[in-house]
Amino acid sequence: MTPSDAPVLEVRDVVKTYGGVHALRNVSLQLLPGEVHCLAGENGSGKSTLIKIISGVEKPDSGTVAIDGQVHAHLTPNDAIHSGVQVIYQDFSLFPNLTAAENIAMLSELAQGRKISSRRRISAEARRVVADLGLRLDLEADVIDLPVADRQLIAICRALVNDAKVLIMDEPTTALTHTEVDRLFTVVRRLQVRGVAVMFVSHKLDEVLRISQRVTVLRNGELVESGPASDHTARSIAKAMTGREVSEERLVSDVAPDAPILLQVENLSRAGGFTDVSFALRAGEILGITGLLGSGRSEIAEAIFGIHPADSGTIRVGGKVRRIRSIRDAVSAGIGYVPEDRLTQGLFLDVSIADNLIASSLDSYRTRTGLLDRRRVRDSITDLFRRLRIQAPNVGAVVRSLSGGNAQRVVIAKWLDRKPKVLILNGPTVGVDVGSKEQIIGILREQAAAGVGVVVISDDIPELVTSCHRVLVVHEGRVVAELSGDQVDAHEIERRMAA
Ligand code: ADP
Ligand code: MG
């Protein structure tokens, strides 16, 4: 179905302030039936506020929301739901201890005011929607036992049971593998055919362009761009988001051919994880390791860093064989690791930036007599804070208050303070906005230029292409390709990942 002309949703001149902060300034936007509309913008640009206004959760200071032609000056969450607006938040808001079927159909069953809710009716209703979308889901399983991708589909099915005309999804692809993204997109296309308008918030610009017909970009609460997706490239959207030209080209300088090998891994294996992995990393080099979720890419990093040590094989750091059985072994060998889940593994959330930065390197600040050299500690913290452009009022700010990009900088800074020979980063820019992403990649380049060997574990293909000298592709625990020079190309990487 091609989008018809009467908008199912129309936001007009919406202004929203919080205290003195303008979260939205005169934003107007239309959503057509059967359209996939991407809402892009850096962190803090106003995306969530706009979604809250559309769903009646927040009231605008001025401006209106019209659904199906009906103007609401004071839209309530109930009005929004009854008019067919459904939002799927990142946590999906499902009941973990109910079955998939119950999550899909129970609320609507209750809403129909029946005194007794029938298991049979719930199951039948859930089966109907699932079949309608051409999905296969274990409807009798408890949601808690199902993978993330299935939970998301359950949330979509629930929205459909509730007669969604407008479905809004916040960062729907963040936790998905490529195959799962494909499956989600297939479902989204089916929704389109039924005339549902889908709006999705995403940082992954290449994905956005695969599925959207229209793109709207917010910057500092202002709508800076709204038009056909076909007028855009990932680069032009990034530019609209940041207001700056954002580079997408390969920006890798050559590694000196005689640069010393800092890390050499030979025949590394771990049962159930990966098999016979070998590679070398030179000083000044950024090496990408990629593969689908579950391919073993993270397990390789975790073995080198001693989190889950390898069963066999050798690891040399700076030419010396190192037996890495624990994180401590890895750290003393000169290896640093920025984990994928930095908020739970990499940082003390309720402690200041300053304390986080030096927590793991305190010993190096002791004088010969064992006292802490406070001045050197202070200088070092100030230096890291500035060098990594951490955006916070000061170094005393608690880490929990930082945005994703800034928290990530704190973890990286923490490691830089230990001056590692080899720095391994797992998903360094996951959940980070475009501007921060660019800066984080810039920091990695600086480190490489200063002689550190950098390993980036990532499935963000554009990021690998821009920043890596070489890319290893892992499939089912084995390195199936080693790409360098011109071979480091998005299509080639994608092809090998799926192989
Ligand atoms: P995004 O979802 O694009 O990251 P938000 O809509 O969450 O952006 O935020 C837009 C701006 O409004 C930010 O400056 C944010 O700090 C501010 N803001 C959002 N919600 C609140 C709130 N409840 N109280 C105060 N400020 C808020
Ligand atoms: Mg948000």
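The values are calculated or read from the model by the stated rules, or taken from the named source; none is laboratory data. Everything numeric here is computed off the predicted structure, so don't read it as measured data. Methodologically, a virtual Cβ is constructed for each residue, glycine included, from the backbone with ideal geometry; neighbour enumeration extends over all protein chains shown.
Descriptive notes on the structure:
- Test: residue in the range 21-28 that is within 25 Å of the chain's Cα centre (by Cα), surrounded by fewer than 22 Cβ atoms within 10 Å (Cβ to Cβ) and more than 12 Å from ligand 1 (Cβ to nearest atom): no
Quick grid of which residues meet (1) under 22 Å from residue 218 (Cβ atoms); (2) within 16 Å of ligand 2 (Cβ to nearest atom); (3) assigned by TED's automatic domain parsing to the domain that holds residue 435:
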residue: 42; (1), (2), (3): yes, yes, no
residue: 61; (1), (2), (3): yes, no, no
residue: 88; (1), (2), (3): yes, yes, no
residue: 96; (1), (2), (3): no, no, no
residue: 131; (1), (2), (3): no, no, no
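- Checked against (1) in the same structural domain as residue 483 (by TED's automatic domain parsing); (2) of a type outside the set (S, T, N, Q); (3) assigned to a strand (DSSP E or B), residue 218 passes all but condition (1).
- Residue match in the range 70-77 (condition: in contact (Cβ under 8 Å) with a residue 12 or more places away in the chain, farther than 21 Å from residue 404 by Cα, among the hydroxyl-bearing types (Ser, Thr, Tyr) and away from ligand 1 (no atom under 13 Å from the Cβ)): yes
- Cβ pairs under 7 Å, 6+ apart, first in the range 469-486 and hydroxyl-bearing (Ser, Thr, Tyr), second in a strand (DSSP E or B): 484/470
- Inside the range 159-171, residues that are at pLDDT 85 or above and within 16 Å of ligand 1 (Cβ to nearest atom) make up a count of 3.
- Residue 79 vs. criteria under 30 Å from residue 27 (Cα atoms) and assigned to a helix (DSSP H, G or I): yes
- Only one of the numbered conditions (1) β-branched (Val, Ile, Thr); (2) in contact with a strand residue (DSSP E or B) (Cβ under 6 Å, 6 or more places away or on another chain); (3) away from ligand 1 (no atom under 12 Å from the Cβ) is not met by residue 81, and that is (2).
- Residue in the range 30-38 that is under 18 Å from residue 227 (Cβ atoms), in contact with a helix residue (DSSP H, G or I) (Cβ under 7 Å, 6 or more places away or on another chain) and not in a strand (DSSP E or B) present: yes
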